[in-house]
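See below for the structure under consideration.
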Amino acid sequence: MTDQQLRVSKIENGTVIDHITGGQALNVLAILDIDGSRGETVSIGMNVPSDRLGRKDVVKVEDRELSQSELDVLSLIAPAATINIIRGYDVVEKHRVERPDSVTGVLDCPNAHCITNENEPIHSQFDVLEDGIRCVYCDSIIREQIADHIKV
Ligand code: CTP
Ligand code: ZN
């Protein structure tokens, strides 16, 4: 895409999450716990034409870098995402997200009786399988719509 066709402005400092599966941008914001209430500057492109993906979403978060646990969950809903760290308008780091062996925090177990839902000081943890994720405490498996289990 030429600068003339640029849909969302470049940012000076922060993180650009590019090549997000089309339609998943709002779920990415939920993973990052961004709802605008803390005054963060965030730009979003949804279903933008992409050579590689056909359609992609893009999320640009200014003045923030992402934690490993955020990146781990992100990889489950946007496996082709590219993380670009921007400093002084330059891309100083670029890497693909990687599917982790397990994810901690960020997601809720769907089993209401799971110990992670009992107000105990325990973080949820899921092992990542080929076709879903499995709670390490109660063995519940989430196969679809992982984004529906993002903590609110
Ligand atoms: N970007 C930005 N602000 C900057 C620099 C880059 O918002 N100051 C965005 C670009 O718009 C792009 C992403 O960060 O969405 C990656 O930038 P760049 O590596 O320059 O683009 P490409 O070469 O097209 O990236 P890729 O090869 O990963 O597709
Ligand atoms: Zn559980």
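With (1) of a type in the set (Val, Ile, Thr); (2) surrounded by 16 or more Cβ atoms within 10 Å (Cβ to Cβ); (3) within 16 Å of ligand 2 (Cβ to nearest atom) as the list, and Thr104 as the residue in question, which single condition is left unmet?
(2)
Please state which one of Ser43, Ser69 is touching a Ser or Thr at 6+ places or on another chain (Cβ under 8 Å), at pLDDT below 95 and more than 16 Å from ligand 2 (Cβ to nearest atom). Lay out the reasoning, then the answer.
On the way: Ser43 fails: at pLDDT below 95.
Exactly one of Ser43, Ser69 is touching a Ser or Thr at 6+ places or on another chain (Cβ under 8 Å), at pLDDT below 95 and more than 16 Å from ligand 2 (Cβ to nearest atom), namely Ser69.
Out of the residues in segment 65-92 that are more than 10 Å from ligand 1 (Cβ to nearest atom) and acidic (Asp, Glu), which is nearest to Glu12 (Cα to Cα)?
The extreme case among them is Glu65.
Here are Glu70, Glu65: which of them is among the acidic types (Asp, Glu) and farther than 24 Å from Asp131 by Cβ?
After ruling out the rest, the residue left standing is Glu65.
Is segment 86-108 home to any residue that is in contact with a Gly (Cβ under 8 Å, 6 or more places away or on another chain) and part of a strand (DSSP E or B)?
From segment 86-108, those in contact with a Gly (Cβ under 8 Å, 6 or more places away or on another chain) are 86; that's our starting set.
Narrowing the set further to residues that are part of a strand (DSSP E or B) leaves 86.
Yes, because at least one residue in segment 86-108 is in contact with a Gly (Cβ under 8 Å, 6 or more places away or on another chain) and part of a strand (DSSP E or B).
Consider Val92 against the criteria (1) surrounded by 14 or more Cβ atoms within 10 Å (Cβ to Cβ); (2) assigned by the TED database to the domain that holds Asp18: it satisfies all of them except one. Which criterion is unmet?
Val92 satisfies every listed condition except (1).
Can you find a residue in segment 110-117 that is more than 16 Å from ligand 1 (Cβ to nearest atom), outside the structural domain of Gly22 (by the TED database) and part of a strand (DSSP E or B)?
no
Filtering segment 122-136 down to residues that are within 13 Å of Val103 (Cα to Cα) and in a loop (DSSP other than H, G, I, E, B), which residue is farthest from the chain's Cα centre (by Cα)?
If we filter segment 122-136 for residues that are within 13 Å of Val103 (Cα to Cα), which is where we start, we get 123-129, 132-136.
With the extra rule that they be in a loop (DSSP other than H, G, I, E, B), the set shrinks to 123-124, 129, 132, 136.
On the way: His123: 18, Ser124: 17, Leu129: 18, Gly132: 16, Val136: 21 Å.
Taking the candidates together, the pick is Val136.
The values are calculated or read from the model by the stated rules, or taken from the named source; none is laboratory data. Computed from a predicted model, the values in this text were never measured in an experiment. Note: ideal-geometry Cβ built from the backbone for every residue, glycine included; neighbour counts use all protein chains shown.
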